[in-house]
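Shown next, in structure tokens, is the structure this report addresses.
The values are calculated or read from the model by the stated rules, or taken from the named source; none is laboratory data. Only a predicted model underlies this, so the values are computations on that prediction, with no experimental measurement involved. All Cβ positions, even for glycine, are placed from backbone atoms using ideal geometry, and neighbour counts span all protein chains on display.
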Amino acid sequence: MEFPPETIQDEETGEFKHVVDSTGSAAGVAYTLEHKLKWVTAWVNNRGQPKKASTVILPLDEEIDWEKIKGDQVEHSHDDKFGYSAVAIISQNGTAPIMMATLKKE
């Protein structure tokens, strides 16, 4: 099992592989930005259903509501606030979709 990189530096890329079981999977990661914000990206890959992703930027002291994030997921998600722009897109191809998420400082 691969795990997400703990740190991703500016202008760098991080990647990992999330393995799905026979029914599907759901997961998410959160990164701290400048010791004051959180960037959260999550996805769902359930067999026979559209793949979904979400991304949100939160204040560091705000709890992550994983159920709300899971309910807000779509094929293409974006969030622009606190001087950052985040995008998450998940492909609809087969049982091993590619989910790409980007974060840019505005």
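For residues in the stretch 77-96 being in a strand (DSSP E or B) and among the hydroxyl-bearing types (Ser, Thr, Tyr), which is nearest to residue 44 (Cα to Cα)? Step through it out loud before you land on a result.
Step one: filter the stretch 77-96 for residues in a strand (DSSP E or B), giving 77-81, 84-90.
Filter again for among the hydroxyl-bearing types (Ser, Thr, Tyr), leaving 77, 84-85.
Numbers: 77: 13, 84: 24, 85: 22 Å.
It comes out as 77.
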- [ ] Please find, among 38, 104, 52, 81, the residue that is buried (at least 16 other Cβ atoms within 10 Å of the Cβ), modelled with pLDDT of 90 or more, among the basic types (Lys, Arg) and out of contact with any Leu (no Cβ under 7 Å at 6 or more places or on another chain).
- [x] 52
Open item on the list: Please go through (1) at pLDDT 85 or above; (2) under 15 Å from the mean Cα position of the chain (by Cα); (3) loosely packed, with under 13 Cβ neighbours inside 10 Å for residue 45 and return the number of the only condition it doesn't satisfy.
Closed with: (3)
Open item on the list: What are the pairs with Cβ atoms under 6 angstrom where one residue, in the stretch 74-94, is hydrophobic (A, V, I, L, M, F, W, C) and the other, located anywhere, is loosely packed, with under 13 Cβ neighbours inside 10 Å and assigned to a strand (DSSP E or B)? Sequence gap at least six, or different chains.
Closed with: 89/76
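Kindly indicate the residue of the stretch 84-101 that is among the hydroxyl-bearing types (Ser, Thr, Tyr) and farther than 20 Å from residue 36 by Cβ and also modelled with the lowest pLDDT among those meeting that condition. Give the steps one after another, and end with the answer.
Start the filter on the stretch 84-101 by keeping residues that are among the hydroxyl-bearing types (Ser, Thr, Tyr), which leaves 84-85, 91, 95.
Checking which are farther than 20 Å from residue 36 by Cβ leaves us with 91, 95.
Working: 91: 89, 95: 74.
Among those that are among the hydroxyl-bearing types (Ser, Thr, Tyr) and farther than 20 Å from residue 36 by Cβ, it is 95.
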